1. Being open to solvent by less than 60 Å² (accessible area, probe 1.4 Å), modelled with pLDDT of 95 or more and in contact with a strand residue (DSSP E or B) (Cβ under 7 Å, 6 or more places away or on another chain) narrows it down to one of Ile28, Ile51, so name that one.
2. Is it true that Tyr104 is open to solvent by 20 Å² or more (accessible area, probe 1.4 Å) and touching a Leu at 6+ places or on another chain (Cβ under 7 Å)?
3. Regarding segment 66-83, can at least one residue be identified that is without any contact (Cβ under 8 Å) to a residue 12 or more places away in the chain and touching a strand residue (DSSP E or B) at 6+ places or on another chain (Cβ under 9 Å)?
4. Scanning segment 1-23 for residues that are among the polar types (S, T, N, Q) and in a strand (DSSP E or B), which turns out farthest from Thr90 (Cα to Cα)?
5. Looking at (1) at positive phi; (2) open to solvent by 70 Å² or more (accessible area, probe 1.4 Å), which one does Asn76 not meet, given that it meets all the others?
6. Is it fair to say Gly10 is at positive phi and open to solvent by less than 60 Å² (accessible area, probe 1.4 Å)?
7. Inside segment 24-115, counting only strands (runs of 3 or more DSSP E) that do not spill past its ends, which hold 2 or more residues that are within 19 Å of Val12 (Cα to Cα) and out of contact with any Gly (no Cβ under 6 Å at 6 or more places or on another chain)?
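The values are calculated or read from the model by the stated rules, or taken from the named source; none is laboratory data. For clarity, every value in this text was computed on a predicted model and none was experimentally measured. A quick note on method: Cβ atoms are made from the backbone with ideal geometry, for glycine too, and the neighbour counts reach across all protein chains shown. Remember, those area values only see protein heavy atoms, side chains included, never the ligands or the DNA or RNA. Shrake-Rupley method; radii C 1.70, N 1.55, O 1.52, S 1.80 Å.
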Amino acid sequence: QVQLVESGGGLVQAGGSLRLSCTTSISIFSFNRMGWYRQAPGKQRELVAEITIGGSTNYADSVKGRFTISRDNAKNTVYLQMNTLKPEDTAVYYCHAPHLLGDYWGQGTQVTVSS
(Lines give C-alpha, C1' and ligand atoms only; values in the text may rest on other atoms or scores of the structure.)
Protein backbone atom coordinates (compact mmCIF):
# COMPACT_ATOMS: atom_id res chain seq x y z
CA GLN A 1 0.00 0.00 0.00
CA VAL A 2 1.36 3.38 -1.01
CA GLN A 3 1.75 5.89 1.79
CA LEU A 4 2.63 9.57 1.79
CA VAL A 5 3.90 10.70 5.18
CA GLU A 6 3.94 14.43 5.87
CA SER A 7 5.71 16.40 8.55
CA GLY A 8 6.74 19.94 9.36
CA GLY A 9 3.52 21.79 10.10
CA GLY A 10 3.03 23.95 13.14
CA LEU A 11 2.29 27.38 14.53
CA VAL A 12 4.28 30.36 13.31
CA GLN A 13 3.95 34.12 13.42
CA ALA A 14 3.24 36.11 10.29
CA GLY A 15 6.45 36.67 8.36
CA GLY A 16 7.93 33.41 9.56
CA SER A 17 8.91 30.25 7.73
CA LEU A 18 8.12 26.55 7.78
CA ARG A 19 9.24 23.60 5.71
CA LEU A 20 6.91 20.73 4.99
CA SER A 21 8.16 17.28 3.99
CA CYS A 22 6.36 14.44 2.22
CA THR A 23 8.05 11.04 2.04
CA THR A 24 6.70 8.27 -0.18
CA SER A 25 6.70 4.57 0.74
CA ILE A 26 7.68 3.65 -2.82
CA SER A 27 10.16 5.13 -5.26
CA ILE A 28 9.41 8.77 -5.98
CA PHE A 29 10.02 7.94 -9.65
CA SER A 30 6.71 6.05 -9.58
CA PHE A 31 4.98 9.43 -9.84
CA ASN A 32 5.17 11.75 -12.84
CA ARG A 33 4.43 14.65 -10.55
CA MET A 34 3.77 15.42 -6.91
CA GLY A 35 2.20 18.38 -5.27
CA TRP A 36 0.96 20.16 -2.20
CA TYR A 37 -2.64 21.19 -1.70
CA ARG A 38 -4.23 23.05 1.18
CA GLN A 39 -7.69 23.38 2.65
CA ALA A 40 -8.74 26.17 4.95
CA PRO A 41 -11.91 25.92 7.09
CA GLY A 42 -15.00 26.42 4.97
CA LYS A 43 -13.02 26.50 1.73
CA GLN A 44 -12.31 24.05 -1.06
CA ARG A 45 -9.02 22.24 -1.30
CA GLU A 46 -6.68 24.13 -3.62
CA LEU A 47 -3.40 23.43 -5.36
CA VAL A 48 -0.45 25.23 -3.79
CA ALA A 49 2.48 23.90 -5.79
CA GLU A 50 3.52 20.91 -7.85
CA ILE A 51 6.72 19.50 -9.28
CA THR A 52 7.18 17.08 -12.14
CA ILE A 53 9.53 14.15 -12.40
CA GLY A 54 11.72 16.37 -14.58
CA GLY A 55 11.78 19.12 -11.98
CA SER A 56 9.36 21.59 -13.59
CA THR A 57 7.31 23.52 -11.05
CA ASN A 58 3.96 25.26 -10.90
CA TYR A 59 2.62 27.54 -8.16
CA ALA A 60 -0.64 29.12 -7.16
CA ASP A 61 -0.53 32.88 -7.73
CA SER A 62 -1.06 33.49 -4.02
CA VAL A 63 2.22 31.81 -3.07
CA LYS A 64 4.51 32.72 -5.97
CA GLY A 65 7.73 34.25 -4.73
CA ARG A 66 7.15 33.00 -1.17
CA PHE A 67 6.92 29.20 -1.45
CA THR A 68 9.34 26.80 -3.11
CA ILE A 69 8.68 23.16 -3.94
CA SER A 70 11.60 20.80 -4.36
CA ARG A 71 12.38 17.11 -4.34
CA ASP A 72 15.16 14.84 -3.09
CA ASN A 73 14.95 11.70 -5.20
CA ALA A 74 17.43 9.80 -3.03
CA LYS A 75 15.17 10.32 0.00
CA ASN A 76 11.87 9.84 -1.87
CA THR A 77 10.84 13.17 -0.42
CA VAL A 78 9.18 16.33 -1.67
CA TYR A 79 9.53 19.58 0.28
CA LEU A 80 7.56 22.78 0.48
CA GLN A 81 9.58 25.68 1.82
CA MET A 82 7.19 28.40 2.95
CA ASN A 83 8.59 31.87 3.63
CA THR A 84 6.96 35.17 4.53
CA LEU A 85 3.93 33.33 5.80
CA LYS A 86 0.64 35.18 6.10
CA PRO A 87 -2.43 34.47 8.25
CA GLU A 88 -4.30 33.55 5.06
CA ASP A 89 -1.86 30.66 4.56
CA THR A 90 -3.45 28.96 7.57
CA ALA A 91 -4.81 25.59 6.43
CA VAL A 92 -4.30 21.86 6.49
CA TYR A 93 -1.66 21.05 3.89
CA TYR A 94 -1.83 17.76 1.99
CA CYS A 95 0.75 16.00 -0.11
CA HIS A 96 -0.64 14.57 -3.34
CA ALA A 97 0.70 12.04 -5.83
CA PRO A 98 -1.40 10.99 -8.82
CA HIS A 99 -0.65 7.49 -10.11
CA LEU A 100 -2.06 5.13 -12.73
CA LEU A 101 -3.26 2.83 -9.93
CA GLY A 102 -4.82 5.53 -7.81
CA ASP A 103 -4.76 9.05 -6.42
CA TYR A 104 -2.67 9.17 -3.27
CA TRP A 105 -2.94 11.72 -0.46
CA GLY A 106 -1.07 12.28 2.75
CA GLN A 107 -2.84 12.54 6.07
CA GLY A 108 -2.50 16.32 6.19
CA THR A 109 -0.46 18.62 8.40
CA GLN A 110 -1.80 21.75 10.06
CA VAL A 111 -0.15 25.09 9.38
CA THR A 112 -1.32 28.00 11.51
CA VAL A 113 -0.03 31.51 10.97
CA SER A 114 -0.80 34.03 13.69
CA SER A 115 -1.02 37.75 13.03
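1. Values: Ile28 fails: modelled with pLDDT of 95 or more.
Answer to the selection: Ile51.
2. Working: open to solvent by 20 Å² or more (accessible area, probe 1.4 Å): yes; touching a Leu at 6+ places or on another chain (Cβ under 7 Å): yes.
Spelling it out, Tyr104 is indeed open to solvent by 20 Å² or more (accessible area, probe 1.4 Å) and touching a Leu at 6+ places or on another chain (Cβ under 7 Å).
3. Filtering segment 66-83 down to residues without any contact (Cβ under 8 Å) to a residue 12 or more places away in the chain leaves 72, 74.
Filter again for touching a strand residue (DSSP E or B) at 6+ places or on another chain (Cβ under 9 Å), leaving 72.
Yes; the residues of segment 66-83 include at least one that is without any contact (Cβ under 8 Å) to a residue 12 or more places away in the chain and touching a strand residue (DSSP E or B) at 6+ places or on another chain (Cβ under 9 Å).
4. From segment 1-23, those among the polar types (S, T, N, Q) are 1, 3, 7, 13, 17, 21, 23; that's our starting set.
Keeping just the survivors that are in a strand (DSSP E or B) gives 7, 13, 21, 23.
Numbers: Ser7: 16, Gln13: 11, Ser21: 17, Thr23: 22 Å.
Among them, the one singled out is Thr23.
5. Unmet for Asn76, out of (1) at positive phi; (2) open to solvent by 70 Å² or more (accessible area, probe 1.4 Å): (2).
6. Criteria met by Gly10.
7. 33-39, 67-72, 77-82, 91-99, 109-114
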